[in-house]
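Structure record follows, encoded as structure tokens.
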């Protein structure tokens with residue numbers, strides 16, 4: 001008896017399941033941190049906040065960062081398989097053109113988690129434990145919180161377009177002529193994404209400082225990037 005899971009399609013399906021599961025854990029916690037926890041922390045007293053940073057935040061961050069790792073690795077594996085299947089035609093297909101900005105944003109978001117958010121959150125967790133133990137607060141904690149928040153808000157900003165392009169890669173067509181050149185679209189969308197990430201590293205929160213702001217600008221970014229993709233190919 002042939003078992004579908006033990007085929008090429010079965011391998012892709014297993015990777016996709018891992019990608020979905022890990023992605024839900026990752027993005028679910030991203031939205032929890034930005035939409036729920038941040039507002040809650042702004043309303044509670046400092047001692048309660050320190051206890052939460054000591055006991056709750058580390059557990060949530062475990063699922064957050066390893067969810068990001070599982071999403072990234074499974075996505076990378078699926079992208080490698082798709083690239084091998086499509087060979088030189090990768091960017092000449094709707095799949096390739098949709099998945100490229102999604103994959104770039106997903107990779108940047110993964111790096112933001114592990115290289116910016118997690119290292120700075122460790123400073124905040126250590127600071128909370130020190131204060132609970134009667135020690136002095138770390139003067140570097142406010143700056144660490146600001147860096148983590150900017151990277152986290154940028155990930156939320158990207159997440160709307162990321163989810164759209166992931167779904168579109170398999171479920172939405174794209175108007176493409178026979179002589180179309182995909183590279184202006186690829187270059188334009190990549191430049192926008194990299195400019196926003198540069199702001200995440202060196203810039204300020206600006207209009208994404210509030211939950212309402214990051215949702216509005218996230219949706220606007222999604223519409224703009226999709227419109228540019230359609231217009232440029």
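The values are calculated or read from the model by the stated rules, or taken from the named source; none is laboratory data. Bear in mind that the values here come from a model prediction, so they are computed numbers and not experimental data. Positions of Cβ are backbone-derived with ideal geometry, glycine not excepted, and every protein chain shown enters the neighbour counts.
The table for this structure:
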{"quantity": "Residue in the range 165-175 that is more than 17 Å from residue 93 (Cβ to Cβ) and under 13 Å from the mean Cα position of the chain (by Cα) present", "calculated": "no"}
{"quantity": "Number of positions in the range 67-105 that are without any contact (Cβ under 8 Å) to a residue 40 or more places away in the chain and out of contact with any helix residue (DSSP H, G or I) (no Cβ under 7 Å at 6 or more places or on another chain)", "calculated": "8"}
{"quantity": "Residue satisfying all of: in the range 29-56; under 20 Å from residue 132 (Cα atoms) and touching a helix residue (DSSP H, G or I) at 6+ places or on another chain (Cβ under 6 Å); surrounded by the fewest Cβ atoms within 10 Å (Cβ to Cβ) among these", "calculated": "41"}
{"quantity": "Test: residue in the range 1-11 that is surrounded by 15 or more Cβ atoms within 10 Å (Cβ to Cβ) and part of a helix (DSSP H, G or I)", "calculated": "no"}
{"quantity": "Residue check, residue 202 farther than 22 Å from residue 86 by Cα, at pLDDT 95 or above and in contact with a helix residue (DSSP H, G or I) (Cβ under 8 Å, 6 or more places away or on another chain)", "calculated": "no"}
{"quantity": "Odd one out for residue 29 among (1) over 19 Å from residue 127 (Cα atoms); (2) free of Cβ contacts under 8 Å to residues at least 24 places away in the same chain", "calculated": "(2)"}
{"quantity": "Residue that is touching a residue at least 60 places away in the same chain (Cβ under 8 Å) and surrounded by fewer than 16 Cβ atoms within 10 Å (Cβ to Cβ), where the choices are 115, 172", "calculated": "172"}
{"quantity": "Filter result for the condition that a residue is outside any helix (DSSP H, G or I) and surrounded by fewer than 19 Cβ atoms within 10 Å (Cβ to Cβ), over 134, 167", "calculated": "134"}
{"quantity": "Filter pass, residue 185 being assigned to a helix (DSSP H, G or I) and modelled with pLDDT under 95", "calculated": "yes"}
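Every residue, every condition in (1) touching a helix residue (DSSP H, G or I) at 6+ places or on another chain (Cβ under 7 Å); (2) under 21 Å from residue 112 (Cα atoms); (3) touching a residue at least 40 places away in the same chain (Cβ under 8 Å), yes or no:
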{"position": "135", "(1), (2), (3)": "no, no, no"}
{"position": "139", "(1), (2), (3)": "no, no, no"}
{"position": "160", "(1), (2), (3)": "yes, yes, yes"}
{"position": "164", "(1), (2), (3)": "yes, yes, yes"}
{"position": "183", "(1), (2), (3)": "no, no, yes"}
